[in-house]
Amino acid sequence: MDATPPHVRLANDIAAQFAHKPLDEAARQVAAHIRSFWEPRMRSALVAHLAAGGAGLDPVARRAAEELRSASVR
Amino acid sequence: MSLLKEPDHGTPAREGAATVELTVDGIPVAVPPGTSVMRAAKLAGVDIPKLCATDSLEAFGSCRLCLVQIDGARGTPASCTTPVAPGMVVHTQTDKLAKLRRGVMELYISDHPLDCLTCSANGDCELQDMAGVTGLREVRYGSGVDAGANHMDAPKDTSNPYFDFDASKCIVCSRCVRACDEIQGTLALTIEGRGFDSKVAAGAGVPFFESDCVSCGACVQACPTATLQEKSVVELGMPTRSVVTTCAYCGVGCSFKAELRGDELVRMVPYKDGGANEGHSCVKGRFAFGYATHPDRVLTPRVRESFTDPWREVSWEEAISFVARRLREIQAEHGTGSIGAITSSRTTNEEVYAVQKMVRAVFGNNNVDTCARVCHSPTGYGLKQTFGTSAGTQDFKSVAKADVILLIGANPTDAHPVFASRMKRRLRQGAKLIVVDPRRIDLVRSPHVEAAHHLALRPGTNVAVVNAMAHVVVTEGLVDREFVAERCEGFAEWEEFISRPEHSPEAVEDITGVPAEELRAAARLYATAGNAAIYYGLGVTEHSQGSTMVMGMANLAMATGNIGRDGVGVNPLRGQNNVQGSCDMGSFPHELPGYRHVAEDDVRGIYEELWGTPILPEPGLRIPNMFDAALDGSFRGLFVQGEDIAQSDPNTQHVHAALAALDLLVVQDLFENETAKFAHVLLPGTSFLEKDGTFTNAERRINRVRPVMAPRTGKHEWQIVCEIAQAMGYPMHYDSAARIMDEIALTTPTFAGVSFDLLDRVGSVQWPCHDEAPEGTPIMHVDGFVRGKGRFVETTYVPTRERSTRRFPLILTTGRILTQYNVGAQTRRTANVAWHPEDVLELHPHDAEERGISDGDMVVLSSRVGRTTLRAVLSDRMPVGVCYTTFHHPVTGANVVTTENSDWATNCPEYKVTAVQVALAPEQAAVREELTARPVPAAGE
């Protein structure tokens, strides 16, 4: 059984769909998707995972998590 | 309501303006060209006697009862086979005709038992009726056994669980044979022999049960005598009243007349005026309703402190009070977001609406999801992104205008049989078929139907295939430039994307397994054959790229201009009866009714004002998220309405662990299902025969579900939800289900014109239904897309992470079969188990041989998450390397092996791709070993 936390796995799945786009554009779209469809505690878990080092996050998902973090900070 | 007998016009209607004027018995009538004299007469109010004619079948002209006289014409032609002509003067009642008809009737009756008083069709027999209207008073040849050679001793075939075939009563009118051919399209029946020896036969001399008959009931419906008769009518007698209602099985949403004696349901008869089915049915809707009165039904609420305790039967008051108190206690301890609910596609729109309202207005969060999460949520996402709303574009009738049908990941002859019959009718008329499916489904080759192309792709490669088809369309100059320029946006970027060499059929051939030339030919056919229609099922959505694939199909349809008219479109075949409706009603955690995001202030404002409570602007938890949150301890209480998530959702161990972790699980269902094993409260649900409300089918058709009998539980499900809400301190009350629909109409623009009154008046409507479309919208996006311009979306093919490996070298895909439905809770409690008593594993003979498996062996099916044991069935309709099973039986528990993988956009589980291994079950291996070890007996021993 895959031990990857669900929020990491799901964020990576979304990121893979936008991987053909430039990194910033892809990250923006991934973050927008997560904002639209993820319940806040899942978003918090992703941001917390990022704060803890972000192990396992692919580059697009990581950048999207950073965008979500900065939005939540603001 | 008394027994509803629909008028029979004798022959089918013809399309066109009523331009042909004639008189029938002096009565003027105008009808479309091609109409039969018989139908014209009926429209003029004149009944012409008939036996072999019925308006669901083309004219046959064999019984010779419908003879008429026409001025200027020779003889007495059959009115059923004679088309009208301008100025025609028809006489239906003359002495000559009366004499001829009596003579015909004498011949029929001379070979028919005269047991009308004890016959099961007494009062519902067209032969009996015709004897009356022709004034038959004697049979000069004798009758019954006095009439010489006859068929009175012909055997009765009672092999089918639902109907009998009594050959002694057959008049060989061929209506049953023609119904099987023309309506159902199975061609299981035939007339065997010639002349006096002619008889109806199911296949080559086998009983009905062993034949190709699919028990759709079309033959029973067409039979004018007691020859083909429901066993329930034989046992109980003729019904005396009818209630028109809607089937509770698949997303076709067939209309039926529930025919009763008092409160006892005798039979379900398909309703001719039903917009979805127009008088046709399948074995489930027609016959498999016995579960509603099955002794397993739970009729009294049950409560227990722990799911390991025994149940305690309690009053409704105690159960509701318990639920309300525990939900509030959990919220007090763990927060507002610690509870939620799951709605069901088997319940009515009104019941679903009530639950999502309870969650949003009373629970104070958006933690509501629906079982569509695990089937068609990618449809919701994909069609909204591209077209602007989650809706199939066509009505079912539209398929009759299709020139080419692209069928992807759907097996309608099993899962949507009544629509499949429509589709097969069109294919027999010459429309071309392209099947995209790893399996050789029946439609690839069946009587009078053969697919032009079967793209037997590898599971999980849909997006690569649809992209390659689009690549062909774009690079071979097959784009409908005018449509695209006028109606769409984002084309230039998409064109550049899809034209890239990596999307060519040749480039993806090794990925998909589909020969490039075959794929190119299929794409050309789709783009050039005229009206091209896409129909798809869960073989599209239940993948990690399900949403991408839905958008890929939308791209293909837009690029070729196949949207916005009859015969084209992109059409999801919804799995359960009210998948469309449950999604429409705001069951998704990010959307309020009508697919409007919870973040939209103006939309929330509508409900906040009406409900008098704030609504959270943030999305709630989806079903898989609820399970994850249950395991991390942040989600503690769940209300499950009519859904068996413990059996139907993937990765059973994970689901069971999540359910076991809850502080409170409330299950509302007909039966103590698998989920209820983890429940603290079991609230009895109502069957569709007891419900009062509406279902919305896959073509957006809102149909009334009328109560055939009072709720056996004493309460409607929406009442229970209201009472829980009230017990939690929120004043939620409706006088009736009709008032809930009124609230839906008041708050949801696409339902603005819908009311029970309207539905009772016009039968059904397809949303959008509002001032601009007061009787609904059969075809969407006619003049423009819901979102304005249709949007092309780049659809990158991202392979699933589920890969076959040395340890798990096969790919498992799952589905359903004709006689069972979903988790089988209903159909397993009917005689349908005669056809499918257990789930089996289909695998290719080569894969079986490699593993030493023979047909019928018990095998262990294992994946990286679990294992189960089931029986192997060898079938070359499976490709090598792919195996298939169903999930109808909890004993097998097919979802023990399915994984956590899901669609990237919606979390819809990837049921269709699981890497597995199959091995002979240990007990089977032991038996085999013992048999092999036995000494071979010497000759003569």
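The values are calculated or read from the model by the stated rules, or taken from the named source; none is laboratory data. Not measured: the values here are computed from a predicted model. Note that we place each Cβ from the backbone using ideal geometry, even for glycine, and neighbour counts take in every protein chain shown.
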**Prompt:** Taking residue A:29 and the conditions (1) within 18 Å of residue B:382 (Cα to Cα); (2) facing chain B (nearest Cβ under 10 Å), which numbered condition does it fall short on, given that it satisfies the others?
**Reply:** (2)
**Request:** Inspect the range B:662-672 for any residue being of a type in the set (D, E, K, R) and within 14 Å of another protein chain (Cβ to nearest Cβ) and give the result as yes or no.
**Result:** no
**Asked** Residues in the range B:637-649: is at least one assigned to a loop (DSSP other than H, G, I, E, B) and either over 24 Å from residue B:575 (Cα atoms) or within 13 Å of chain A (Cβ to nearest Cβ) (or both)?
**Response** no
**Asked** Condition test on residue B:848, is it away from chain A (no Cβ under 14 Å), in contact (Cβ under 8 Å) with a residue 12 or more places away in the chain, surrounded by fewer than 19 Cβ atoms within 10 Å (Cβ to Cβ) and aliphatic (A, V, I, L, M)?
**Response** no
**Prompt:** Considering B:806, B:787, which residue is surrounded by fewer than 19 Cβ atoms within 10 Å (Cβ to Cβ), within 30 Å of residue B:886 (Cα to Cα) and basic (Lys, Arg)?
**Reply:** B:806
**Prompt:** Consider residue B:124 against the criteria (1) modelled with pLDDT of 90 or more; (2) loosely packed, with under 13 Cβ neighbours inside 10 Å; (3) acidic (Asp, Glu): it satisfies all of them except one. Which criterion is unmet?
**Reply:** (2)
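Tell me, yes or no, whether the range B:713-730 has at least one residue that is touching a Pro at 6+ places or on another chain (Cβ under 6 Å) and either closer than 30 Å to residue B:297 by Cβ or not in a helix (DSSP H, G or I) (or both). It would help to see each step written out before you state the result.
Taking the range B:713-730 first, the residues touching a Pro at 6+ places or on another chain (Cβ under 6 Å) are B:713.
Filter once more, keeping what is either closer than 30 Å to residue B:297 by Cβ or not in a helix (DSSP H, G or I) (or both): B:713.
Yes, some residue in the range B:713-730 is touching a Pro at 6+ places or on another chain (Cβ under 6 Å) and either closer than 30 Å to residue B:297 by Cβ or not in a helix (DSSP H, G or I) (or both).
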**Message:** Give all pairs with beta carbons closer than 8 Å in which a residue from the range B:594-618 that is at negative phi meets a residue that is in a helix (DSSP H, G or I) and of a type in the set (Gly, Ala, Ser); count only pairs at least 6 apart in sequence or on separate chains.
**Reply:** B:597/A:36; B:599/A:36; B:607/B:361; B:611/B:361; B:613/B:361; B:615/B:361
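Which of the residues spanning the range B:350-368 are closer than 15 Å to residue B:720 by Cα and away from every other protein chain (no Cβ under 14 Å)?
Taking the range B:350-368 as the starting set, the residues that turn out to be closer than 15 Å to residue B:720 by Cα are B:350-359, B:362.
Matches in the range B:350-368: B:350, B:351, B:352, B:353, B:354, B:355, B:356, B:357, B:358, B:362.
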**Request:** Within the range B:446-487, track down each residue that is within 26 Å of the chain's Cα centre (by Cα) and assigned to a helix (DSSP H, G or I).
**Result:** B:462, B:463, B:466
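Can you pull out every residue in the range B:292-321 that is part of a helix (DSSP H, G or I) and crowded, with 20+ Cβ neighbours inside 10 Å? Walk me through how you get there before you give the answer.
Residues of the range B:292-321 part of a helix (DSSP H, G or I): B:292-293, B:316-321.
Hits for the range B:292-321 are B:292, B:319, B:320.
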**Prompt:** Out of all the residues in the range B:884-918, which are more than 13 Å from every other protein chain (Cβ to nearest Cβ), within 16 Å of residue B:648 (Cβ to Cβ) and part of a loop (DSSP other than H, G, I, E, B)?
**Reply:** B:887, B:888, B:889, B:890, B:891, B:892, B:893, B:911, B:912
**Prompt:** How about the range B:61-100: which of its residues are over 17 Å from residue B:20 (Cβ atoms) and among the acidic types (Asp, Glu)?
**Reply:** B:95
**Output for the range B:528-540, where each listed residue is at pLDDT 95 or above and touching an Asp or Glu at 6+ places or on another chain (Cβ under 8 Å)** = B:530, B:531, B:532, B:539
**Message:** among the hydrophobic types (A, V, I, L, M, F, W, C), within 30 Å of residue B:246 (Cα to Cα) and touching a helix residue (DSSP H, G or I) at 6+ places or on another chain (Cβ under 9 Å): is that true of residue B:598 in this structure?
**Reply:** no
**Item:** Residue list for the range B:222-233, filter: crowded, with 22+ Cβ neighbours inside 10 Å and either in a loop (DSSP other than H, G, I, E, B) or in contact with a Pro (Cβ under 9 Å, 6 or more places away or on another chain) (or both)
**Value:** B:223, B:224, B:225, B:226, B:227
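Anything in the range B:536-556 that is more than 14 Å from every other protein chain (Cβ to nearest Cβ) and either β-branched (Val, Ile, Thr) or surrounded by fewer than 24 Cβ atoms within 10 Å (Cβ to Cβ) (or both)? List them, or say none. Quick ask: steps written out before the conclusion?
Here is the first cut: in the range B:536-556, the residues more than 14 Å from every other protein chain (Cβ to nearest Cβ) are B:536-542, B:553-556.
Result: B:540, B:541.
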**Set B:656, B:680: member being out of contact with any Ser or Thr (no Cβ under 6 Å at 6 or more places or on another chain), without any contact (Cβ under 8 Å) to a residue 24 or more places away in the chain and within 23 Å of residue B:625 (Cα to Cα)** = B:656
**Prompt:** Consider residue B:607 against the criteria (1) more than 14 Å from chain A (Cβ to nearest Cβ); (2) in contact with a helix residue (DSSP H, G or I) (Cβ under 6 Å, 6 or more places away or on another chain): it satisfies all of them except one. Which criterion is unmet?
**Reply:** (2)
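Kindly indicate whether residue B:314 is assigned by TED's automatic domain parsing to the domain that holds residue B:727 and without any contact (Cβ under 8 Å) to a residue 24 or more places away in the chain. Working first, answer last.
Details: assigned by TED's automatic domain parsing to the domain that holds residue B:727: yes; without any contact (Cβ under 8 Å) to a residue 24 or more places away in the chain: yes.
When the stated conditions are applied, residue B:314 passes them.
Could you identify the single residue in B:754, B:823, B:765, B:798 that is within 14 Å of chain A (Cβ to nearest Cβ) and either surrounded by 23 or more Cβ atoms within 10 Å (Cβ to Cβ) or in a loop (DSSP other than H, G, I, E, B) (or both)? Lay out the reasoning, then the answer.
On the way: B:754 fails: within 14 Å of chain A (Cβ to nearest Cβ); B:823 fails: within 14 Å of chain A (Cβ to nearest Cβ); B:765 fails: within 14 Å of chain A (Cβ to nearest Cβ).
Checking each option against the conditions leaves just B:798.
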**Fill in**
For the range B:883-900, the count of residues that are surrounded by fewer than 23 Cβ atoms within 10 Å (Cβ to Cβ) and more than 24 Å from the chain's Cα centre (by Cα) equals 3
**Message:** Filter the range B:488-510 down to the residues that are closer than 30 Å to residue B:787 by Cα and either of a type in the set (A, V, I, L, M, F, W, C) or part of a helix (DSSP H, G or I) (or both) and list them by number.
**Reply:** B:488, B:491, B:492, B:493, B:494, B:495, B:496, B:497, B:498, B:503
**Prompt:** Do you know which residues across the range A:11-26 are facing chain B (nearest Cβ under 7 Å) and buried (at least 21 other Cβ atoms within 10 Å of the Cβ)?
**Reply:** A:13, A:14, A:16, A:17
**Request:** With respect to residue B:52, determine if the residue is touching a Phe, Trp or Tyr at 6+ places or on another chain (Cβ under 7 Å), of a type outside the set (Gly, Ala, Ser) and buried (at least 22 other Cβ atoms within 10 Å of the Cβ).
**Result:** yes
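With a cut-off of at least 1 residues that are in contact with a Lys or Arg (Cβ under 9 Å, 6 or more places away or on another chain) and within 30 Å of residue B:625 (Cβ to Cβ), name the strands (runs of 3 or more DSSP E) lying wholly within the range B:328-444.
Of the strands (runs of 3 or more DSSP E) lying wholly inside the range B:328-444, those with at least 1 residues that are in contact with a Lys or Arg (Cβ under 9 Å, 6 or more places away or on another chain) and within 30 Å of residue B:625 (Cβ to Cβ) span B:339-343, B:368-370.
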**Request:** Confirm whether residue B:605 is modelled with pLDDT of 95 or more and assigned to a loop (DSSP other than H, G, I, E, B).
**Result:** no
**Request:** Return a yes/no flag: does the range B:234-246 have any residue that is crowded, with 16+ Cβ neighbours inside 10 Å, farther than 24 Å from residue B:262 by Cα and hydrophobic (A, V, I, L, M, F, W, C).
**Result:** no
